[in-house]
Amino acid sequence: MIVLFTDFGLGGPYTGQMKAVLHTLAPGVPVVDLLSDAPAFDPRSSAYLLAAYAQPFPGGTVFLAIVDPGVGGDRLPCVVRADDRWFVGPDNGLFELVMRRAVAPVLCWQIDWRPQRLSNTFHGRDLFAPVAARLALGEQPPGGMLPAKSLRRPEWPDDLPAILYLDGYGNAVSGLRAASVPASAAIVAGGVACLRARTFSEVPKGHPFWYENADGLVEIAVNSGRAADLFAFSPGAPLLVQP
């Protein structure tokens, strides 16, 4: 399958145009809309989400991942193979956490191929989508190999103590893996210390708490309420882990 992870949104033409290319070049290959509202213009924050969300997908999955504020600039178009999954997109750190957490050796390629028509500002449609389609059909990456270290961002932390994403329920997803936080710790959000619960029903209605979400990340929530409203959260809001 081909899995889309972008900051394009669904309200305009961009996701649809990219999917049209995929269906044209790789007919019959399922296309999954994983995330269309990744942190906009923010490959660093998006990298922590991508690493968590990619984990359950089987080997051979092709991730078409585009959070690309430098489109048309000097960042490289690249392909990364990590734990038998393919990742296609810009070299701007978006794949750092995927690479860091891979068990098997990571392989990287620079995309040398160029389409007949390449716009300056929509490489997702014109460059990355055709490459993703080729990979999904079993072809090799169209370009030369790169040393994996040339794409790395070693200065980025293993876990990011900040709110990265607000879902439709107003829950606040962080860049912290729950396994890295002691179960007895409080997480301070907006000046309020939240304790851990296993499920929503373990706390009273209207009560804030933190829990390990289905993707292994720390998430701040309110039982039958919206954490985003209670804390006036916005993406990038810092969190403090308090023993």
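I need the full set of residues from the range 1-17 which are surrounded by 18 or more Cβ atoms within 10 Å (Cβ to Cβ), within 20 Å of residue 85 (Cα to Cα) and of a type in the set (A, V, I, L, M, F, W, C), in order please.
Correct list: 2, 3, 4, 5.
If residue 41 passes every condition in (1) of a type outside the set (Ser, Thr, Tyr); (2) at positive phi; (3) open to solvent by less than 20 Å² (accessible area, probe 1.4 Å) but one, which one does it miss?
(3)
Of the numbered conditions (1) over 30 Å from residue 17 (Cβ atoms); (2) open to solvent by 30 Å² or more (accessible area, probe 1.4 Å); (3) among the charged types (D, E, K, R), residue 219 satisfies every one except a single condition; which is it?
(2)
Return the only residue of 232, 193, 227 being farther than 26 Å from residue 97 by Cα, in contact with a strand residue (DSSP E or B) (Cβ under 9 Å, 6 or more places away or on another chain), small (Gly, Ala, Ser) and surrounded by fewer than 17 Cβ atoms within 10 Å (Cβ to Cβ).
Of 232, 193, 227, the one residue that is farther than 26 Å from residue 97 by Cα, in contact with a strand residue (DSSP E or B) (Cβ under 9 Å, 6 or more places away or on another chain), small (Gly, Ala, Ser) and surrounded by fewer than 17 Cβ atoms within 10 Å (Cβ to Cβ) is 193.
Residue by residue through the range 85-144, note down the ones that are open to solvent by 50 Å² or more (accessible area, probe 1.4 Å), touching a residue at least 12 places away in the same chain (Cβ under 8 Å), among the charged types (D, E, K, R) and within 22 Å of residue 31 (Cβ to Cβ).
134 - this is the single residue of the range 85-144 that is open to solvent by 50 Å² or more (accessible area, probe 1.4 Å), touching a residue at least 12 places away in the same chain (Cβ under 8 Å), among the charged types (D, E, K, R) and within 22 Å of residue 31 (Cβ to Cβ).
Might you check whether a residue that is free of Cβ contacts under 8 Å to residues at least 12 places away in the same chain, open to solvent by 10 Å² or more (accessible area, probe 1.4 Å) and under 23 Å from residue 238 (Cβ atoms) occurs anywhere in the range 157-167?
Yes, that holds for at least one residue.
Given 237, 214, 183, which one is aliphatic (A, V, I, L, M), under 22 Å from the mean Cα position of the chain (by Cα) and open to solvent by 60 Å² or more (accessible area, probe 1.4 Å)?
214
Taking residue 204, is it more than 26 Å from residue 56 (Cβ to Cβ), open to solvent by 40 Å² or more (accessible area, probe 1.4 Å) and in contact (Cβ under 8 Å) with a residue 60 or more places away in the chain?
No; evaluated as a whole, the condition is false for this residue.
When you look at residue 47, is it touching a residue at least 40 places away in the same chain (Cβ under 8 Å), of a type in the set (A, V, I, L, M) and farther than 19 Å from residue 114 by Cα, yes or no?
Considered against the rule, which asks whether it is touching a residue at least 40 places away in the same chain (Cβ under 8 Å), of a type in the set (A, V, I, L, M) and farther than 19 Å from residue 114 by Cα, residue 47 comes out as yes.
Would you check if there is a residue in the range 100-118 being of a type outside the set (D, E, K, R) and under 14 Å from residue 50 (Cα atoms)?
yes
State yes or no: is residue 27 open to solvent by 20 Å² or more (accessible area, probe 1.4 Å) and within 16 Å of residue 129 (Cβ to Cβ)?
yes
What do you reckon, is residue 80 touching a helix residue (DSSP H, G or I) at 6+ places or on another chain (Cβ under 9 Å), of a type in the set (Val, Ile, Thr) and surrounded by fewer than 20 Cβ atoms within 10 Å (Cβ to Cβ)?
Judged against the criteria, residue 80 is not a match.
The values are calculated or read from the model by the stated rules, or taken from the named source; none is laboratory data. Keep in mind that what you see is a predicted model, and the values were worked out from it rather than measured. Don't worry about glycine lacking a Cβ; one is built from the backbone with ideal geometry, like all the others, and counts go over all protein chains shown. Ligands, DNA and RNA are stripped out before the accessible areas are found, and what is left, the full protein with its side chains, is counted by its heavy atoms. Shrake-Rupley method; radii C 1.70, N 1.55, O 1.52, S 1.80 Å.
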